[in-house]
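Below is one structure, written out as structure tokens; comments come after it.
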Amino acid sequence: IRTFFVNFSLNMSINESKLWAFIKQCKKTQKNWHFFRLESHTINGIPDVYGCMHGQPFWIELKATLVENRGLSKWQWNWHIDHNRAGGKSYILNANDKESCYEILVIREPRALVLVKSYPYDHNHNHIATITEILITMSQS
């Protein structure tokens, strides 16, 4: 059993599409949650997902990467900084396969990527429970 979990964590790969699929599954059980994925080629930097839970709106940029600064473009940096400056909430949800965890990150001025919290992958495949907890944290932060 121990070998299975080690191999599972090494072979597990979560991409942005899977993150979105997990979010969609979470919202099915919650009538006061609203999420939609925005694919915009006209507005540079706008995050992938808009969410509102119990009257609390926020944006989520989905990432699944290990690269420095999580692969955020200069437009994404600027969008998050401007949105935060205006009092809005926005987050980066990154699937970090190397550390086998989900990361909630925020961008703060001047140009800092700040880890809010990390959640270990559930090796029993219960990603929905973990993503639900992450979304609740985002809505309440």
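Summary table
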read-out	value
Theoretical FRET efficiency, 1/(1+(r/R0)^6), r = Cβ-Cβ of His54 and Asp122, R0 22 Å, to 0.05	0.35
Hydrodynamic radius (Kirkwood) for the chain, which is based on Cα pairs only, to one decimal in Å	15.6 Å
Mean accessible surface per residue for the chain, computed with a 1.4 Å probe while every protein chain stays in place, in Å²	56 Å²
Cross-link table Lys31/Lys63; Lys28/Lys89; Lys31/Lys117; Lys27/Lys63; Lys63/Lys98; Lys18/Lys89, entries beyond 21 Å C-alpha to C-alpha	Lys31/Lys63; Lys28/Lys89; Lys31/Lys117; Lys18/Lys89
Highest average packing first - 37-45, 103-111, 57-65, Cβ atoms within 10 Å	57-65, 103-111, 37-45
Selected from Leu62, His34, Trp20, residue furthest toward positive end of dipole (the range 19-116; charges at beta carbon)	His34
Surface accessible to a 1.4 Å probe, Val67 within the full protein complex, Å²	80 Å²
Taking the chain and dividing mean pair separation by its residue count, relative contact order in percent (alpha carbons under 8 Å, at least six apart)	21 percent
In nm, spacing of pseudo-spin labels at Asn84 and Glu39 (7 Å Cα→C-beta vector)	2.9 nm
The range 45-74-the range 94-122 distance, computed between alpha-carbon centres (Å)	11 Å
Per-residue ³J(HN,Hα) for the range 31-38, Karplus 6.51 cos²θ - 1.76 cosθ + 1.60, θ = phi - 60°, Hz, x for Gly and Pro	6, 9, 10, 9, 9, 8, 9, 10
Under-5 Å amide H pairs with Tyr91, H placed in peptide plane, nonlocal only	Trp59, Ile60, Glu61
Prolate/oblate/rounded call for the range 10-88, Cα gyration tensor, a/c under 1.5 rounded	oblate
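The values are calculated or read from the model by the stated rules, or taken from the named source; none is laboratory data. What you see is a predicted model, and the numbers here were worked out from it, not measured in a lab. Cβ coordinates were reconstructed from backbone atoms using ideal geometry, including for glycine residues, and neighbour counts include every protein chain displayed. The accessibility values were calculated without ligands, DNA or RNA, using every heavy atom of the protein model including side chains. Shrake-Rupley method; radii C 1.70, N 1.55, O 1.52, S 1.80 Å.
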